[in-house]
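Rule-based calculations on the coordinates, nothing more; no lab input. Since the structure is predicted, the reported quantities are computational estimates derived from the model, not experimental observations. FYI the Cβ positions are ideal-geometry reconstructions off the backbone, even for glycines, and counts take in every protein chain you see.
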Amino acid sequence: MAIPDEEYILKTTSACAGCPSSLILRYVTKAAGPDTVLVIPACCTSVIQGVYPTTAMNIPVYNVAFASAAAVGSGMSEAFRACGKKTNVICYAGDGGTVDIGIQALSGALERGNDFLYVCYDNEAYSNTGMQRSGATPFAARTTTTPAGKQDLKKDLDAIVAAHNPVYQATACAAYPVDLYNKVVKALSMPGPKFMHVLAPCPPGWRFPSEETIEMGKLAVKSGMWVLWERDHGKLAITGASKAAMVKRIPVADYLTRQGRFKGITEEQIAEIQAAIDRSIGCLQKEVESEC
Amino acid sequence: MLMIGTGNKAVALAVRDAKPVVVAAYPITPQTEIVEEIANYVTDGSMDARYIPVESEHSSMAACIGAAATGVRTFTATSSHGLVYMCEMLHMSAGARLPIVMANANRALGPGWNIGAEQSDSLSMRDTGWLQCYVSTAQEAYDTAFMAFRIAEHESVLLPVMINLDGFLLTHITQPFETVDPEGFLPPTNTPHAIDINHPGGYGTLTKGTEHFRFRWDIERGMRDSVAVIQEVEEAFAGRYGRRYDMVEEYRCEDAEVVIIAMGTLGKEMEVAVDILREEGVRAGSIRIRWFRPFPAIDLAGREVVVIDRDYSFGFGGVLANELRAKCGCRPFSVIAGLGGQEVTYDDIASFVRIRTEGGEHWFGVDA
Amino acid sequence: MYEIRLHSRGGQGGVTAAKVLAYAAFLDGKYATATPLYGAERRGAPVVSFIRVDDTPIRVYSQIRTPDLVIVLDHSIMQTVDVTAGLREDGVVLVNSPHPVEVKGHTTYTVDLTSIALSLKMVLAGNPILNTPLIGAIAKMGIISRESAEKAIAETFSDERNVMAARKAFEELKI
């Protein structure tokens, strides 16, 4: 699929250099096209889009309260549909606004079957407020509220979403824009609730140089720390670069040790993370091969 | 159509007749009958609306915001804990200038659990930018809920409206009321800032202090202008349907030396107390405040004032008494009564007048 | 103003009876209100409803303290609740009971609504339906007209047995 030239996020944002969230939003909006409204709770994108009365976005953007994105999206979608409009409603939210404070509204909207797409760009912390721990922060990562490294595991958002049986669910990564683009196009072709979880390697938050965003995303996928897949009406398929990673992966240490947030991680912790990856890849493989 | 039904049913029928496009709601006692009725109307086809059964009150207001942002008419209903749970969204909806209409069944807040009538819930939402009206009969609930859409959606207002009914006392009482032929009374919605795909813009983007300040002033201006709009709409309603309302409802006030002031059902029952006091030779009258926001201009000069609050602002006093002190410069005898659905009769109200002291405060049932 | 206090148990239909009674009075051209007194009561607990009927709009929301008529849908309530509390001197009592009940100092009418409901097989979730025959008994007492009673019942309930039960109670109650 050819990615259109039209830009809906202009070149004048106030994003950090190397920002994955802007990159993801660029391809999400290219896939969605001009008949689209973005619903954005408090997150980095609240700031990135610019300061009133200017905006860096070329489509309507509705900024809403932190916990409310999915609920606003469902109300908006119902109103458009009631008026016979096909306008895409896309909630674009960070991980904090999704896995933590927004999970109730998300769960409700998914269960109700409202026709909208929810995209969670996951930079694995409250980056907008300066990198505090979120439910999506991975084990052993340092944040300003986990100075010794997070002791708990990353919340399994995808399993939570899957339990709602959305018509379409997928993961993606900022480093693989074509995979991301294709999934957004596919998601928006279906009525009902759709969900995408996109890894957003954040240079200042994860503590790596700004020019390495893409590389960090690639390492995440190649190590199996992040897997690209989609569930179309419940049926799982591994996509893109993750197909190779299902068979052969780089050691996760190659991904972890490139990031300042994992500074001080122990060999035991790395081994623990490696074992967890191998386990979860095995589970995904079983699900792909299964009939149900 | 003349019929008999509960206060809740009157609200539900008004909403049916106002033809909103989206209703998003969450059940809570004693409001639940409103959303059950509306769900039935949507199911049986007597109402052509999208009913969104949200998972919380925070989300009911959020869904109304999302829908109203596209320019369609929206409604929700709540009570008590539900109302304060959506507090954040009350600020967001007024700040976004969305003309959402909501019914609130006034109910006490816990702990402990209490489902009785109390107006602390909505009065603690006083500063959210919502217009607030307190009604006293099923008829008034119907009429006000119906008119509320025209007031909220008026281009000089564009602010949300909350219609308050005393929990159980009004929500659950069965009374006669008359529905109207709604045709043509409510103009089609015309939200000038509705989302328009052809004119993309940012809504609620990062806003600096100077602009933020101006937006707050705009809300205040809408609130001030709403007084004239309320009067205009109520006049139009009276002209077409014959029932007349005002910012306040006065009873035997012309020559009154002492005036009782209250909101909601107490504001109706106190009329019976006025009759009793008149028979005793006391020149009493009553003023039932309907619109609390915007707050009405009331001339109380030269009169003794007894205010009954079914609420309290801890550390300061009865909310209505405080508003009247500040706005009208009076020194009322402030009575706190009816909290948590406490029984207050017209005899009790008459007794409040008999024991009045200028500037005093009396906690009914607590003070000796 | 004519004030009625209705004692029943949660699940017996007392609240609905109050509404239908108010509706019948409304059909007679009166102003009427019906108020259930809610608490945390569950099925089986004693509950109270209030009905007011008047020729002018009713401005009172508080409970009825001095009723003109007390209705007892379940006579066993009388063992634990003082149903005549505040009853006016000339106040009347209507009790659903299989046996005649006497309330000292007050005219007391007894009618076996339970048997009427059971004879028509009117049972809902294990409870005999008492509210519609009750309306028939109240019509017999002259508080509402028979026509309005039947109309109010017919418009509230689709099952024709409800009107039949009201008629039966009307006939059975001895005034």
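Some notes on this structure:
- All of A:Ile270, A:Ile265, A:Ile250, A:Ile281 fail the test of being surrounded by 14 or more Cβ atoms within 10 Å (Cβ to Cβ) and within 21 Å of the chain's Cα centre (by Cα), apart from A:Ile281.
- If you go through region B:104-132 and keep only what is buried (at least 24 other Cβ atoms within 10 Å of the Cβ) and basic (Lys, Arg), you end up with just B:Arg107.
- Filter result for A:Ala174 (more than 20 Å from A:Gly96 (Cβ to Cβ) and surrounded by 21 or more Cβ atoms within 10 Å (Cβ to Cβ)): no
- Candidates A:Ile214, A:Ile277, filtered to the one that is within 22 Å of A:Ala125 (Cα to Cα), out of contact with any helix residue (DSSP H, G or I) (no Cβ under 9 Å at 6 or more places or on another chain), of a type in the set (A, V, I, L, M, F, W, C) and free of Cβ contacts under 8 Å to residues at least 60 places away in the same chain: A:Ile277
- Matching entry among C:Arg65, C:Arg59, C:Arg5 (being within 23 Å of B:Thr171 (Cβ to Cβ) and either in contact (Cβ under 8 Å) with a residue 40 or more places away in the chain or more than 13 Å from every other protein chain (Cβ to nearest Cβ) (or both)): C:Arg5
- Elements of type strands (runs of 3 or more DSSP E) in region B:278-368, at least 1 residues being crowded, with 16+ Cβ neighbours inside 10 Å and out of contact with any Leu (no Cβ under 8 Å at 6 or more places or on another chain): B:284-289, B:304-309, B:333-336, B:361-363
- Some residue of region B:79-101 being more than 14 Å from chain A (Cβ to nearest Cβ) and within 18 Å of B:Ala14 (Cβ to Cβ): yes
- Boolean, B:Asp181 is acidic (Asp, Glu), within 30 Å of A:Val47 (Cβ to Cβ), assigned to a loop (DSSP other than H, G, I, E, B) and more than 18 Å from the chain's Cα centre (by Cα): no
- Candidates B:Gln132, B:Gln119, filtered to the one that is out of contact with any Leu (no Cβ under 7 Å at 6 or more places or on another chain) and farther than 24 Å from B:Val233 by Cα: B:Gln119
- For A:Glu124: the one exception among (1) on the phi < 0 side of the Ramachandran plot; (2) within 18 Å of the chain's Cα centre (by Cα): (1)
- Region B:139-170, residues that are among the hydrophobic types (A, V, I, L, M, F, W, C), part of a loop (DSSP other than H, G, I, E, B), out of contact with any Phe, Trp or Tyr (no Cβ under 6 Å at 6 or more places or on another chain) and surrounded by 24 or more Cβ atoms within 10 Å (Cβ to Cβ): B:Val157, B:Leu159, B:Leu170
Okay, residues lined up against (1) over 24 Å from the mean Cα position of the chain (by Cα); (2) closer than 19 Å to B:Arg107 by Cα:
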{"position": "B:Cys328", "(1), (2)": "no, no"}
{"position": "B:Arg331", "(1), (2)": "yes, no"}
{"position": "B:Ser334", "(1), (2)": "no, no"}
{"position": "B:Gly340", "(1), (2)": "no, yes"}
{"position": "B:Thr345", "(1), (2)": "no, yes"}
{"position": "B:Ile349", "(1), (2)": "no, no"}
{"position": "B:Arg354", "(1), (2)": "yes, no"}
{"position": "B:Glu358", "(1), (2)": "yes, no"}
{"position": "B:His362", "(1), (2)": "yes, no"}
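- Cβ-Cβ under 7 Å pairs, at least 6 apart or on other chains, region B:186-203 side closer than 19 Å to B:Phe75 by Cα, far side assigned to a strand (DSSP E or B) and among the hydroxyl-bearing types (Ser, Thr, Tyr): B:Ile195/A:Tyr62
- Among the residues of region C:72-88, those that are assigned to a loop (DSSP other than H, G, I, E, B) and either surrounded by 11 or more Cβ atoms within 10 Å (Cβ to Cβ) or without any contact (Cβ under 8 Å) to a residue 12 or more places away in the chain (or both) comprise C:Leu73, C:Asp74, C:Val81, C:Asp82, C:Val83, C:Thr84, C:Ala85, C:Gly86, C:Leu87, C:Arg88.
- Just one residue in the set B:Glu57, B:Glu118 is among the charged types (D, E, K, R) and within 11 Å of chain A (Cβ to nearest Cβ); that residue is B:Glu57.
- Condition check for A:Ala187: crowded, with 23+ Cβ neighbours inside 10 Å, among the small types (Gly, Ala, Ser) and out of contact with any Asp or Glu (no Cβ under 7 Å at 6 or more places or on another chain): yes
- The one condition in (1) more than 7 Å from every other protein chain (Cβ to nearest Cβ); (2) touching a strand residue (DSSP E or B) at 6+ places or on another chain (Cβ under 7 Å); (3) among the aliphatic types (A, V, I, L, M) that A:Ile59 fails to fulfil: (1)
- Test for A:Tyr27: is it more than 10 Å from chain B (Cβ to nearest Cβ) and aromatic (Phe, Trp, Tyr): yes
- Residues (under 19 Å from B:Arg356 (Cβ atoms) and among the small types (Gly, Ala, Ser)) located in region B:262-304: B:Ala262, B:Gly267, B:Ala273, B:Gly281, B:Ala284, B:Gly285, B:Ser286, B:Ala301, B:Gly302
- Positions within region A:84-94 being more than 7 Å from every other protein chain (Cβ to nearest Cβ), on the phi < 0 side of the Ramachandran plot and without any contact (Cβ under 8 Å) to a residue 60 or more places away in the chain, in sequence order: A:Lys85, A:Lys86, A:Val89, A:Cys91, A:Ala93
- Residue match in region B:27-38 (condition: of a type outside the set (D, E, K, R), in contact (Cβ under 8 Å) with a residue 12 or more places away in the chain and in contact with a Phe, Trp or Tyr (Cβ under 6 Å, 6 or more places away or on another chain)): yes
- Consider region A:40-56 and keep the residues that are within 7 Å of another protein chain (Cβ to nearest Cβ) and of a type outside the set (Phe, Trp, Tyr). The one that is surrounded by the most Cβ atoms within 10 Å (Cβ to Cβ) is A:Gln49.
This table checks each residue for (1) β-branched (Val, Ile, Thr); (2) touching a Ser or Thr at 6+ places or on another chain (Cβ under 8 Å).
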position: B:Val258; (1), (2): yes, no
position: B:Ala273; (1), (2): no, yes
position: B:Leu277; (1), (2): no, no
position: B:Gly281; (1), (2): no, no
position: B:Phe314; (1), (2): no, no
position: B:Lys327; (1), (2): no, no
position: B:Ser334; (1), (2): no, no
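- Residue list for region C:25-56, restricted to those being of a type outside the set (A, V, I, L, M) and under 15 Å from C:Val70 (Cα atoms): C:Thr35, C:Pro36, C:Pro46, C:Ser49, C:Phe50, C:Arg52
- Subset of region C:9-53 [farther than 12 Å from B:Ile4 by Cβ, touching a Lys or Arg at 6+ places or on another chain (Cβ under 7 Å) and not in a strand (DSSP E or B)]: C:Gly10, C:Gly11, C:Gly44, C:Ala45
- Test: B:Gly222 is under 27 Å from A:Ile48 (Cα atoms) and either surrounded by 12 or more Cβ atoms within 10 Å (Cβ to Cβ) or free of Cβ contacts under 8 Å to residues at least 60 places away in the same chain (or both): no
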